[in-house]
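Colleague: Can you keep this structure in mind? I'll have questions shortly.
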Amino acid sequence: MSAAERVHASLRACLLRKSLADCRQRAAAALVLGLTPTDVLALQHIAFAGVLTRSALSARLQLTSGGTSTLVQRLERHGLVTSEPHPGDRRSALVRLSAIGTQGAAGAYASIVRDVDATVDGFRPGERALVEAFLTRVARVTEARADELIQSTRSERARVAAVPHAGLWA
């Protein structure tokens, strides 16, 4: 293995470890908040975006519209989100974190935010900029590849679904 391949493998391993740590943190936050990890993931998407339509949330979570409606209703019952009619589309609703949702998320993630901030403070400004640029690029590539996988899977399913199997009618 070349030096470049070792560096690539090491960075991919670090990113995988970070991704797995995020999953564990999400599960821990779910326990703290009395939710499921998918509920917490929804809260994270809403918090990051500020406001999402139910259909946009559904796309991000890869849930059906019915599954997303159930999830949003559950989060509303917990007082964590609010849902209001979309001002430009009567068929759509906007979902955002409530004050309680913002406080709950802040509480569940306070220790990790504090630790990450302390880690960042240990870097020089140029190092911080480099880390930010790297993570931004990795996030952009990861989001694009996820979108491509989803789209190709949908395209493949559409082709397969269009061809009935003779055994289905027997």
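Colleague: What full-extension length gain, to one decimal in nm, is calculated for ARG124 and ALA106 as 0.36 nm per residue of separation minus the Cα-Cα distance?
Modeller: Roughly 3.8 nm would be gained on extension.
Colleague: Follow-up question, since we're still on this one. Relative to the present Cα-Cα distance, how much length would full extension add between GLN73 and PHE134 at 0.36 nm per residue of separation?
Modeller: Residue separation times 0.36 nm, minus the Cα-Cα distance, leaves 18.2 nm.
Colleague: Take the Cβ-Cβ distance between ARG90 and VAL32 as r, set R0 to 35 Å, and report the resulting FRET efficiency rounded to the nearest 0.05.
Modeller: For R0 = 35 Å, the calculated efficiency reads 0.40.
Colleague: Which cross-chain or sequence-distant (5 or more) residues have an amide H under 5 Å from the amide H of THR53, H modelled 1.01 Å from N in plane?
Modeller: Counting only residues 5 or more places away or on other chains, the set is VAL95.
Colleague: Next question, about the same structure. Please list, in chain and number order, the residues 5+ apart from SER92 or on another chain whose amide H is under 5 Å from its amide H, with Hs placed from the backbone.
Modeller: Placed amide hydrogens put HIS86 under 5 Å from SER92.
Colleague: What are the ³J(HN,Hα) couplings of segment 30-42, residue after residue, when phi is run through the Karplus curve with 6.51, -1.76, 1.60 and θ = phi - 60°? Round to Hz, x for glycine and proline.
Modeller: My calculation for segment 30-42 gives 4, 4, 4, 8, x, 10, 9, x, 5, 4, 5, 4, 4 Hz in order.
Colleague: Now for a separate question. Could you give the accessible area per residue of the chain, probe 1.4 Å, as a whole number in Å²?
Modeller: Roughly 72 Å² per residue, with all protein chains present.
Colleague: Residue-wise, which Karplus ³J(HN,Hα) couplings in Hz belong to segment 67-79, taking 6.51 cos²θ - 1.76 cosθ + 1.60, θ = phi - 60°, and x for glycine or proline?
Modeller: x, 5, 4, 4, 4, 5, 4, 5, 5, 5, 4, 6, x
Colleague: Now, a different point. Of the listed values [x] 64, 48, 33; [y] 53, 38, 32; [z] 67, 40, 28, grab the one calculated as Cα extents along the principal axes in Å from the structure here.
Modeller: Given [x] 64, 48, 33; [y] 53, 38, 32; [z] 67, 40, 28, the structure-derived one carries the label [x].
The values are calculated or read from the model by the stated rules, or taken from the named source; none is laboratory data. Computed from a predicted structure; not experimentally measured. Note that we place each Cβ from the backbone using ideal geometry, even for glycine, and neighbour counts take in every protein chain shown. The accessibility values were calculated without ligands, DNA or RNA, using every heavy atom of the protein model including side chains. Shrake-Rupley method; radii C 1.70, N 1.55, O 1.52, S 1.80 Å.
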